[in-house]
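Data first, discussion second: the structure below is written as C-alpha cells.
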Amino acid sequence: MTRATKTLLATAIGTAALAVSAATASADIACSGNVCWHVQERYTYPRESKVIIHKDTWRPGPRVTIREHEGRGFWRGGSWVDF
C-alpha cells in the first residue's frame, strides 16, 4: 500500500468510528409530570408511573425540571422509585 492509500484508509476508519459513537451517544428523555431525565434504554414503565418518552431532540419547556439518576426507575414527586 502506498502512503496515500494508508492515509485515506485510516481517515475512513476514523470517520466511521466517530459516526458510530455519535449515533450511540444519544439518549431519549423520559418524563413523569414536569420532571424529566435521560434514559439509555426504553423500559416498559409501570402504568401508574405515567412516564412519557421523548426523542433526544425534544426540548423541555420552562416549567420542566431535569433530574438525572442512575438505574431503572422513575421520579415520583421528589423521590426516585426503582422497579
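Identify the residue in the stretch 38-61 that is loosely packed, with under 13 Cβ neighbours inside 10 Å and among the β-branched types (Val, Ile, Thr) and, among all such residues, is nearest to residue 80 (Cα to Cα).
The extreme case among them is 44.
Since residue 17 meets every condition but one in (1) at pLDDT below 85; (2) surrounded by fewer than 10 Cβ atoms within 10 Å (Cβ to Cβ), which condition does it not meet?
Exception for residue 17: condition (2).
Exactly one condition in (1) outside any strand (DSSP E or B); (2) at pLDDT 85 or above is false for residue 36; which is it?
The single condition residue 36 does not satisfy is (1).
Would you confirm whether any residue within the stretch 42-58 is hydroxyl-bearing (Ser, Thr, Tyr), at pLDDT 90 or above, closer than 13 Å to residue 28 by Cβ and not in a helix (DSSP H, G or I)?
Scanning the stretch 42-58, I find at least one residue that is hydroxyl-bearing (Ser, Thr, Tyr), at pLDDT 90 or above, closer than 13 Å to residue 28 by Cβ and not in a helix (DSSP H, G or I), so the answer is yes.
The values are calculated or read from the model by the stated rules, or taken from the named source; none is laboratory data. Quick caveat: nothing in here was measured; it's all calculated off a predicted structure. Neighbour counts run over all protein chains shown; Cβ positions are idealised from the backbone, glycine included.
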